[in-house]
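The values are calculated or read from the model by the stated rules, or taken from the named source; none is laboratory data. Note that the coordinates shown come from a computational prediction; the quantities given were computed from them, not determined experimentally. For neighbour counting, all protein chains shown are included, and Cβ atoms are generated from backbone atoms with ideal geometry for every residue, glycine included. SASA here: full protein model, heavy atoms, side chains in, ligands and nucleic acids out. Shrake-Rupley method; radii C 1.70, N 1.55, O 1.52, S 1.80 Å.
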Amino acid sequence: MKNKIIALLGAYLISTASFAQENVYPAPEYKGLLFLKNGTVHVGNGQVLENTTIQIKNGKIEKIGQNLPIPMDDVKVFDVSGKHIYPGLILSSSTLGLVEVNSVRATIDHTELGEINPSIRSIVAYNTDSKVINTLKTNGILMANIVPDGGLISGSSSVVQLDAWNWEDAAVKMENGLHLRMPSLINRPNRFAFFMGAAAPGDPVKRGLEQIAQIKSFFREAQAYANETGRTSTNLKYEAVKGLFNKSQKLFVHCDIVKEMLIAVDFAKEFGMDVVIVGGSESYQMPELLKQNNISVILNQMHSLPTSIDDDVDQPYKTAAALQKAGVLYAINDADGQTRGRNLPFNAGTAAAYGLTKEQALQAITLNPAKILGIGDQAGSIEVGKDASLVVSEGDILDMRSSIILHAFIQGRKVDLTDKHKQLDERYRKKYGLTK
């Protein structure tokens with residue numbers, strides 16, 4: 001009987017976790033003119049335009065300015081006087097749509113077996129029906145880079161917009177980069193080594209260096225394969241990394257400490273790849289070297305303890321300012337497994353309190369990640385010709401006290417901001433007779 005109850009509970013969790021809110025649908029394509037009137041426009045490149053109107057046509061930003069003429073017929077007009085208009089925020093690295101409930105194995109699909117898996121494509125596992133997605137839109141996050149996990153080479157990521165029926169509709173940029181999980185080069189003592197005796201693992205740094213040699217060997221073989229002509233057979237793993245050598249893809253190296261980042265710099269030099277550091281908690285120690293080698297950084301989590309016991313306790317808050325000062329292209333991310341990315345704007349807000357201006361912090365979650373992810377020509381800022389992916393906030397989007405998202409538009413489509421949290425709030429206010 002007990003096993004039956006557990007099985008039924010597991011089935012319930014899976015069934016409730018696997019589908020989006022049943023009454024929330026992706027917005028249909030909008031054809032025609034749409035105006036956001038008299039708002040404060042935060043462009044995303046450092047500029048702020050007061051009392052400005054945005055004209056949108058067929059999903060693209062057509063005009064930006066004050067006192068734009070607005071036709072009387074066949075247009076939609078949103079008066080956002082006194083409100084703030086921002087570019088849609090971008091989550092730079094996430095398992096969104098690949099994990100629904102961390103404790104329910106059947107809802108986890110971010111890791112493949114094996115160590116070298118460059119041909120794995122995260123996009124085909126992306127679940128547009130995830131209930132987590134709508135909770136991100138509520139905080140102004142409209143796009144995300146969906147990243148596989150596990151092994152040494154995890155596979156390729158893709159950028160998606162967060163209002164779609166299926167992964168084909170969601171895809172904005174397919175296979176934009178390959179993800180490498182740098183082996184640890186920290187020699188941490190094993191607390192159980194005494195009890196494990198002969199079975200205790202060897203030197204972790206030595207093992208990490210052996211794995212790095214294995215990765216380099218793979219890339220050398222893949223590079224030779226890419227340069228070869230007249231092949232009579234196809235190697236799927238080598239084919240999957242060809243984009244790294246012609247720079248149509250980037251190599252995202254997940255690591256934190258200086259020794260590991262130096263290895264990433266070595267990859268960039270030896271293979272001529274475009275490299276992005278993901279994590280980079282110690283990147284503040286080597287910003288000039290990163291700048292010299294044109295290496296970008298995605299800072300995974302601001303609200304965390306420092307990597308080293310010798311660091312300032314507030315070092316994670318200050319790292320973005322150090323990279324800004326050195327001219328390194330960087331993005332701020334929220335990779336917390338509990339918040340699932342929802343705190344992205346507030347991570348940027350923390351950075352704004354520790355050395356960045358508010359507009360620099362905003363750029364770190366809009367235009368900067370768009371450039372890093374290869375979509376800077378269509379997203380990340382409010383400029384003529386770009387997609388009309390915008391959010392309208394009651395107050396400062398970086399401040400959780402005043403950030404109330406009133407409207408969100410993805411490619412000109414006004415999306416539904418209903419989410420599971422709001423539905424539960426409404427349900428129990430109704431039950432207990434509470435009023436807002």
Q.
Under 9 Å between Cβ atoms, which residue pairs at least 6 apart in sequence (or on different chains) link something in region 324-344 that is free of Cβ contacts under 8 Å to residues at least 24 places away in the same chain with a partner that is open to solvent by 50 Å² or more (accessible area, probe 1.4 Å) and of a type in the set (S, T, N, Q)?
A. Gln338/Asn102
Q. Any residue in region 180-187 that is at pLDDT 95 or above, assigned to a helix (DSSP H, G or I) and open to solvent by less than 80 Å² (accessible area, probe 1.4 Å)?
A. no
**Q.** Residue under evaluation Ala348, criteria (1) at pLDDT below 95; (2) within 18 Å of Lys137 (Cβ to Cβ), criterion not met
**A.** (1)
**Q.** Odd one out for Ile56 among (1) among the hydrophobic types (A, V, I, L, M, F, W, C); (2) closer than 23 Å to Arg181 by Cβ; (3) in contact (Cβ under 8 Å) with a residue 40 or more places away in the chain
**A.** (2)
Q) Between a first residue in region 124-146 that is closer than 25 Å to Ala106 by Cα and a second residue that is open to solvent by 10 Å² or more (accessible area, probe 1.4 Å) and of a type in the set (Asp, Glu), which pairs have beta carbons less than 6 Å apart while being 6 or more apart in sequence or on different chains? A) Ala125/Asp109; Ser130/Glu100
Q: From Ile365, Ile372, grab the single residue that is under 30 Å from Ile410 (Cβ atoms), out of contact with any Pro (no Cβ under 7 Å at 6 or more places or on another chain) and open to solvent by less than 10 Å² (accessible area, probe 1.4 Å).
A: Ile372
Q. Among the residues of region 85-110, how many are assigned to a strand (DSSP E or B) and crowded, with 17+ Cβ neighbours inside 10 Å?
A. 11
Q: Answer yes if at least one residue in region 209-220 is surrounded by 13 or more Cβ atoms within 10 Å (Cβ to Cβ) and basic (Lys, Arg), and no otherwise.
A: yes
Q.
I want to confirm something. Restricting to region 335-362 and keeping residues that are in contact with a helix residue (DSSP H, G or I) (Cβ under 6 Å, 6 or more places away or on another chain) and among the hydroxyl-bearing types (Ser, Thr, Tyr), which single residue is surrounded by the most Cβ atoms within 10 Å (Cβ to Cβ)?
A. Thr350
Q: Filter region 40-53 down to the residues that are over 27 Å from the mean Cα position of the chain (by Cα) and crowded, with 21+ Cβ neighbours inside 10 Å, then identify the one that is farthest from Val77 (Cα to Cα).
A: Thr52
**Q.** Whichever residue in region 315-335 is modelled with pLDDT of 95 or more and of a type in the set (D, E, K, R) and, among such residues, is nearest to Pro345 (Cα to Cα)
**A.** Lys318
Q: Take region 270-284 and flag every residue that is open to solvent by 10 Å² or more (accessible area, probe 1.4 Å) and more than 24 Å from Ala224 (Cβ to Cβ).
A: Ser281, Glu282, Tyr284
**Q.** Residue check, Glu29 acidic (Asp, Glu) and modelled with pLDDT of 75 or more
**A.** yes
**Q.** Failed criterion for Asn227 (all others in (1) at pLDDT below 95; (2) open to solvent by less than 60 Å² (accessible area, probe 1.4 Å) hold)
**A.** (2)
Q) Out of region 286-299, which residues are farther than 20 Å from Gly44 by Cα and either buried (at least 18 other Cβ atoms within 10 Å of the Cβ) or in contact (Cβ under 8 Å) with a residue 40 or more places away in the chain (or both)? A) Met286, Pro287, Leu290, Ile295
Q.
Return the residues of region 111-157 that are surrounded by fewer than 24 Cβ atoms within 10 Å (Cβ to Cβ) and part of a strand (DSSP E or B); say none if nothing qualifies.
A. Thr111, Ile116, Arg121, Asp149
(Q) Restricting to region 310-334, give me the number of residues that are within 13 Å of Ser281 (Cα to Cα), of a type in the set (A, V, I, L, M, F, W, C) and open to solvent by 40 Å² or more (accessible area, probe 1.4 Å). (A) 1
(Q) Tell me whether region 356-369 contains one or more residues that are closer than 19 Å to Leu244 by Cβ and in contact (Cβ under 8 Å) with a residue 60 or more places away in the chain. (A) no
**Q.** Filter pass, Ile332 being of a type outside the set (D, E, K, R) and within 22 Å of Leu209 (Cα to Cα)
**A.** no
Q. Quick check, is Leu68 within 29 Å of Gln249 (Cβ to Cβ) and either under 20 Å from the mean Cα position of the chain (by Cα) or modelled with pLDDT under 95 (or both)?
A. no
